[in-house]
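A short write-up of the structure that comes next.
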Amino acid sequence: MSYTQQSKDCSETSSVEQLEVVIVGAGFAGMYMLHRTRQLGLSARVYETGNGVGGTWYWNRYPGARCDVESMQYSYQFSDELQQEWEWSEKYSPQPDILRYADHVADRFDLRRDIQFNTRVKSAIFNEITRRWDIETSNGNQVSAAFCVMATGCLSSPNTPEFVGLSDYKGEVYHTGKWPQEDIDFSGMRVGVIGTGSSAIQSIPIFASQADHLYVFQRTPNYTIPARNAPLDPEEVKEIKADYAGLRARAKTKPVGLDLPIPTQGALETSPEDRFQEFESKWQNGGVGFMAAFKDLLFEETANETAADFVRQKIRETVDDPKTAELLSPNNIIGCKRLCVDTGYWEAFNRANVSLIDVSRSPIERISENGLITDSREYPLDAIVFATGFDAMTGALLNVDIRGCDGRTLKDKWSKGPKTYLGLSTTDFPNLFTITGPGSPSVLTNMLPSIEQHVEWITDCITYMRANGMQCIEANQEAENDWVEHVNQVARLSLRSTCSSWYVGANIEGKVRVFMPYIGGFPKYVEKCNEVVANDYDGFTLS
Ligand code: NA7
């Protein structure tokens, strides 16, 4: 639907399409938002930079990319038919399976007809006369929408450090977060990987099996736990599907939104033998559940040290060369940076064609025409892989020129760290919603239930506004201040806020150090969101 509208100063007439809702991003958040919006009978369009759905799982196609949340829980629950009919094949799904699932959802709910691919939203500007959002895309489309919903993802703005000389480099350059769609095979090549975060840890064993020689440039070693991935047992799947609702309901009572056992004992309350047994059993089970061995691992440094020691011992047992083992051993808080999950990571360093290069003391100096230079030595390379992570949580939001009341930019408002009410909304930006935005549990939880909770909250809010003849909703300054204070306060209780991770923005030069996600847990957060609604959108002004 499109009609002619007088522009602000009435001097010209332009044809601008009018929509109820514009959604930015066609990952799991954007797709469900579109589905729910259409169910309400509202006109909506999704703009997506890529040429397909899936968001994070569309871009992160690097070899070895795999989810660290179990497949049976890393999926939508809004449609029982969908969760009953879809068959996952592995305990932890590889990226191609998750992308296939995203494609299936898009087809099953006929979503593509309202998604415009290959289109980046350039700007979203709140028009104070129409009280609507004026949105402009990279290919010059202009639309006006009553609501603008940012479904841009938390890890979707890749971070590529600006090394001197990169543009002169003659070899191939890749970023794990922007991996090409075609198959890349490093056979016979000298390959350098920069970084040892989760993306590097997942891809290194595969690169090592292909490359002539693989050089891993490590600044900070990371903790990783074996995934122990396996095909899903059909009997177990049958059992889950017989009571999927039960599993989902239990998951919602857990801080991370995952049905995992909650520890009741502290690490220091147990004897060293029992403690070892518990760590060993979690280690054998594999995955991020390792941190659920004891209740105090993320709160008490001495308790945390027992878990860190256990993993360091495993590294020494696995890696043949003691010097390499030492270099691979982190000496910081385990679980402070997001714990990694791997398949054959430490083992890869036992191969003769893999070298670990420490760049902690002498950083990467520059990239030359032929390779990478550190510590005054050149490493000739045919390809360089940047596994250097993302400008997390705020990067993708701030890549769009978002302007609210009085022309205020979001970049300006968040220059000292993101400020939101519930991670859903921000003062001075009426009718703008962020799905899993900073200040919400998001990346500290199973993303799918967190996404669904936000989408349902937002669509319920729009329904309420329509039913009550309201045009605008805006977070109150005081409510926002209180929420930001609460988010910071609970963050200080956890060891998670103490290290230089992407949770605090420490990986991006110049980014203000603020613990961005809400660490108070999924149930507490949902309770707060529901309370706000029950009290007539307490903390918001509706007009
Ligand atoms: P991460 O976890 O942010 O890891 C990025 C890695 O890149 C990390 O080891 C960094 O070292 C390293 N890095 C970044 N810049 C440089 C420079 N300039 N020189 C050397 N090394 C550098 O990103 P991932 O993509 O692996 O994972 C992100 C999330 O995706 C992950 O947590 C999962 O949730 C999924 P540093 O530690 O900063 O010293």
Under a no-solvent Debye model with one identical scatterer per Cα of the range 1-158, what's log10 I(q)/I(0) at q = 0.08 Å⁻¹? -0.27
Between the helical axis of 477-492 and the dominant principal axis of the chain, each derived from Cα atoms, what acute angle in degrees is found, rounded to the nearest 10? 10 degrees
I'd like the antiparallel share, as a percent to the nearest 5, of DSSP beta bridges with both residues in the range 166-386. 30 percent
How many nm separate the modelled label positions at D233 and A534, each set 7 Å beyond the Cα in the direction of the Cβ? 4.0 nm
Hey, got the dipole for the chain? About the Cα centre, +1 on K and R Cβ, -1 on D and E Cβ, debye to the nearest 20? 660 debye
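Mean residue ellipticity at 222 nm from the helices of the chain, using -39,500 (n - 2.57) per DSSP H segment of n ≥ 4 over the full residue count, to the nearest 500 deg cm²/dmol?
-9000 deg cm²/dmol
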Given +1 on the Cβ of Lys and Arg, -1 on the Cβ of Asp and Glu, and no further charges, what dipole in debye does the range 495-543 carry about its Cα centre, rounded to the nearest 20? 320 debye
Ignoring ligands, DNA and RNA, what percent of the accessible area of the chain is carbon or sulfur (1.4 Å)? 47 percent
Which listed residue (I333, S203, G505) has the Cα farthest towards the positive end of the charge dipole for the chain, taking +1 on Lys and Arg C-beta and -1 on Asp and Glu C-beta about the Cα centre? G505
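Excluding Q218 itself, what net charge comes from residues whose Cβ is under 14 Å from its Cβ, given Lys and Arg +1 and Asp and Glu -1?
So the surrounding residues net to +1.
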Contour minus Cα-Cα span, D460 to N141, at 0.36 nm per residue, comes to 112.0 nm
Simple SL model, points at 7 angstrom along Cα→Cβ for Q284 and V164; separation in nm is 5.4 nm
How big is the accessible area of D259 in square angstrom, nearest 10, if you roll a 1.4 angstrom probe over the protein chains? 40 Å²
Relative contact order in percent for the chain (Cα pairs under 8 Å, 6+ apart) equals 18 percent
Determine, for each peptide in 402-412, 54-64, the mean count of other beta carbons within 10 angstrom over its residues, then list the peptides with the highest first. 54-64, 402-412
Cα-based Rg / Dmax (Å) for the range 437-535: 15.3, 47
Per residue, how much accessible surface does the range 166-386 expose to a 1.4 Å probe? Answer in Å², no decimals. 47 Å²
Checking the cross-link filter: which aspartates and glutamates have an alpha carbon closer than 16 Å to that of K91, excluding same-chain neighbours under 8 positions apart? D68, E70, D233, E235, E236, E239, D259, D342
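Tell me, what is the FRET efficiency for E269 and D309 to the nearest 0.05, using R0 = 22 angstrom and their Cβ-Cβ distance as r?
Working: r = 17 Å, r/R0 = 0.77.
So, using R0 = 22 Å, E works out to roughly 0.80.
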Using a Förster distance of 22 Å, the FRET efficiency for A352-N331 (Cβ separation, nearest 0.05): 0.20
Distance (nanometres) between label positions extended 7 Å along Cα→Cβ at K411 and I129: 2.6 nm
Inter-part gap, Cα centre of the range 469-543 to Cα centre of the range 173-236, in whole angstrom, is 34 Å
Just the C-alpha atoms of the range 166-386: what Rg/Rh do they give, with Rh taken as the Kirkwood radius? 1.03
Long-range Cα-Cα pairs in the chain (distance over 43 Å), rounded percent: 19 percent
Net charge (Lys, Arg +1; Asp, Glu -1) of residues whose beta-carbon lies under 13 Å from that of A307, A307 excluded, is -2
Packing-ranked peptide list from 98-105, 25-32, highest mean Cβ count within 10 angstrom first, is 25-32, 98-105
Tell me the angle of helix 522-534 to the major Cα principal axis of the chain, expressed in degrees between 0 and 90 and rounded to the nearest ten. 10 degrees
Would you mind checking the range 396-440 for residues with the amide N under 19 Å from a putative spin-label position 7 Å along Cα→C-beta of N488? 411-428, 438-440
Total formal charge among the other residues, if their Cβ is under 15 angstrom from that of P418, Lys/Arg +1 and Asp/Glu -1: +2
Exposure of D114 as accessible area (Å², to 10), given a probe of 1.4 Å and all protein chains: 30 Å²
Dipole of the chain, positive direction: furthest Cα of W346, S93, T394, with charges on the beta-carbon: T394
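The values are calculated or read from the model by the stated rules, or taken from the named source; none is laboratory data. Nothing here was measured: the structure is a model prediction, and the numbers come from that model. FYI the Cβ positions are ideal-geometry reconstructions off the backbone, even for glycines, and counts take in every protein chain you see. The area values use the complete protein model at the heavy-atom level, side chains included, leaving out ligands, DNA and RNA. Shrake-Rupley method; radii C 1.70, N 1.55, O 1.52, S 1.80 Å.
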